[in-house]
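These notes are about the structure you will find just below.
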Amino acid sequence: MKEPTFRFNGYTDDWEKKKLGDIACKVTQKNTSRQYVETLTNSAEQGIISQSDYFDREISSKENIDGYYIVEDNDFVYNPRISTTAPVGPVNRNKLGRTGVMSPLYTVFKPHDVNNSYLEWFFKSSYWHQFMYFNGDTGARSDRFAIKDAVFFDMPIPTPHIDEQRKIGRFLSEMDNLVTLHQRKCDALKELKKGMLQKMFPKEGAKVPEFRFNGFTGDWEQRKLGEVFEQTSNFVTPNDDIELWSLTVEDGLTPKTERYNREFLVKKEGNFKEVRPGDIVYNPMNMTLGAVGYNGTDKSVAVSGYYTTMIAKSDNDAYYINTWLKSPQAILLYRTYATGSLVEKQRVQFPTLSEIPASFPEYEEQKRIGSYFSNLDNLITLHQSKCDELKKIKKGLLQKMFI
């Protein structure tokens with residue numbers, strides 16, 4: 001049997017091809033005495049978790065789980081429900097450290113003579129999908145994959161020596177732990193930012209925020225937003241020097257994805273606005289959701305001509321304004337001042353935005369707050385980029401470490 005593209009040094013033995021039924025046996029033991037009461041579910045994204053955690057409530061009834069399969073620690077479960085992330089249905093391992101039960105719609109199997117971690121990562125790859133496509137189908141229901149048990153357990157599993165299996169499983173698990181570590185750091189920083197957005201701007205009726213940097217004591221001054229920034233309208237045609245970017249609630253101003261079709265520009269020439277370095281841009285239709293972006297790069301970019309572009313007036317910090325415009329306090333104001341009879345069609349055009357009153361500190365305090373959030377955003381971006389990079393590396397290795 002041929003070798004994988006990527007292989008650890010010191011391993012030269014040929015890989016064997018075994019059937020799944022040679023290294024695992026189907027679990028058929030049912031919960032007849034209702035010994036176990038926790039119903040589990042197999043999610044493509046979250047793996048095997050408690051049904052009550054996944055649905056926020058119990059779907060199964062304790063009266064009808066006597067026909068459910070018993071799923072012990074380290075048992076594997078195949079879920080025939082298909083999705084974008086699991087086109088033939090997911091196979092996951094019970095790593096909860098406890099026994100539960102699962103609907104007989106699932107296929108439960110117990111591995112033997114194989115490293116559990118290796119087998120788990122094999123099923124996270126796409127190598128077994130071709131076998132499934134060739135031997136099964138989506139059946140009568142388009143959301144479920146249909147394959148007979150006897151055929152499923154004939155699935156070929158590439159199996160190197162047990163030591164190499166352990167090495168592969170451990171390496172990919174460590175890579176996954178790194179991804180999780182960076183994601184947790186990123187999520188923690190996002191939660192910190194969320195909390196500071198609540199505390200570093202005055203709440204309604206207050207003249208100062210709950211949290212303030214040392215050295216600043218005066219009351220914040222109420223101004224109309226039109227006094228701190230002004231609208232710009234520089235129309236451009238995207239080209240190699242001025243790229244077309246997107247504006248999203250989640251990521252702010254961000255490059256277009258690879259799915260973007262440049263031929264569309266031919267019909268829309270000149271209908272795009274320039275966002276220069278330090279400029280702010282927002283979507284009037286999604287302002288109540290916080291669709292605001294800041295160009296922190298050293299180059300101009302283009303956005304939809306429907307968006308509103310702005311620049312901070314003198315003695316006002318652009319990053320401070322960008323941050324405040326996405327704060328909970330600001331979003332409450334947009335919802336009050338937005339025009340449009342239907343909620344889904346409410347807009348905050350610039351003439352409306354410019355009349356909204358808000359409390360602002362002096363320039364030096366604005367700069368301090370803007371710098372704080374700029375550093376925080378850079379840290380979030382750093383950890384998210386590292387997380388995305390590691391995910392990409394892991395995905396590539398999954399395609400190279402199996403046959």
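Read-outs: derived from the displayed coordinates by stated rules, not from any lab. None of the values given here were measured: they were computed from a predicted structure. Note: ideal-geometry Cβ built from the backbone for every residue, glycine included; neighbour counts use all protein chains shown.
Kindly state, to the nearest 0.05, the FRET efficiency for residue 45 paired with residue 354, given R0 = 56 Å and r defined as their beta-carbon distance.
Efficiency, rounded to the nearest 0.05: 0.85.
Shape verdict for region 316-402, please, from the Cα gyration tensor: rounded (a/c under 1.5), prolate (a/b greater than b/c) or oblate.
Taking the square roots of the gyration eigenvalues as a ≥ b ≥ c, region 316-402 is oblate.
For region 182-232 and region 54-126, write down the distance between their C-alpha centroids in whole Å.
46 Å
For region 16-159, what class follows from the C-alpha gyration tensor (a ≥ b ≥ c being the square roots of its eigenvalues): rounded when a/c is under 1.5, otherwise prolate if a/b is larger than b/c, else oblate?
prolate
Have a look at 31, 146, 89 and report the one farthest towards the positive end of the charge dipole of region 16-159, computed about the Cα centre with Cβ charges (Lys/Arg +1, Asp/Glu -1).
146
Counting other Cβ atoms within 10 Å of each Cβ, which trypsin sites (Lys or Arg not before Pro) in region 200-231 have at most 14 and sit in a DSSP loop?
Listed in order of number, the matching sites are 203, 207.
In percent, what relative contact order does the chain have, based on Cα pairs under 8 Å that are 6 or more apart in sequence?
About 16 percent, as a whole number.
So if we plug the beta-carbon distance of residue 163 and residue 110 into 1/(1 + (r/R0)^6) with R0 = 30 Å, what FRET efficiency do we get, rounded to 0.05?
It comes out at approximately 0.85.
Which chymotrypsin sites (Phe, Trp or Tyr not before Pro) from region 293-358 combine a DSSP loop assignment with at most 14 other Cβ atoms within 10 Å?
Counting only loop positions with at most 14 other Cβ atoms within 10 Å, the chymotrypsin sites (Phe, Trp or Tyr not before Pro) in region 293-358 are 306.
Per residue of the chain, what 222 nm ellipticity follows from adding -39500 (n - 2.57) for every DSSP H run with n ≥ 4, rounded to the nearest 500?
The per-residue figure over the chain is -10000 deg cm²/dmol.
Which residues does a label at residue 2 reach in region 380-403, if reach means a backbone N under 18 Å from a point 7 Å past the Cα toward the Cβ?
Taking a point 7 Å out along Cα→Cβ of residue 2, the residues of region 380-403 whose backbone N falls under 18 Å are 397-403.
Can you tell me which of 76, 131, 360 moves the most in a GNM of the chain? Springs connect C-alpha atoms under 10 Å apart.
Between 76, 131, 360, it is 131 that shows the largest mean-square fluctuation.
Classify region 120-225 as rounded, prolate or oblate from the Cα gyration tensor: take a ≥ b ≥ c as the square roots of its eigenvalues, call it rounded if a/c is under 1.5, otherwise prolate when a/b beats b/c and oblate if not.
Here region 120-225 falls in the oblate category.
What is the spin-label model distance, in nm, from residue 223 to residue 400 if the labels are put 7 Å beyond Cα along the C-beta direction?
5.4 nm
Step through the residues of region 306-311 one at a time and calculate ³J(HN,Hα) from phi using the Karplus curve (6.51 cos²θ - 1.76 cosθ + 1.60, θ = phi - 60°), rounding each to whole Hz and writing x for Gly and Pro.
6, 5, 9, 10, 9, 9
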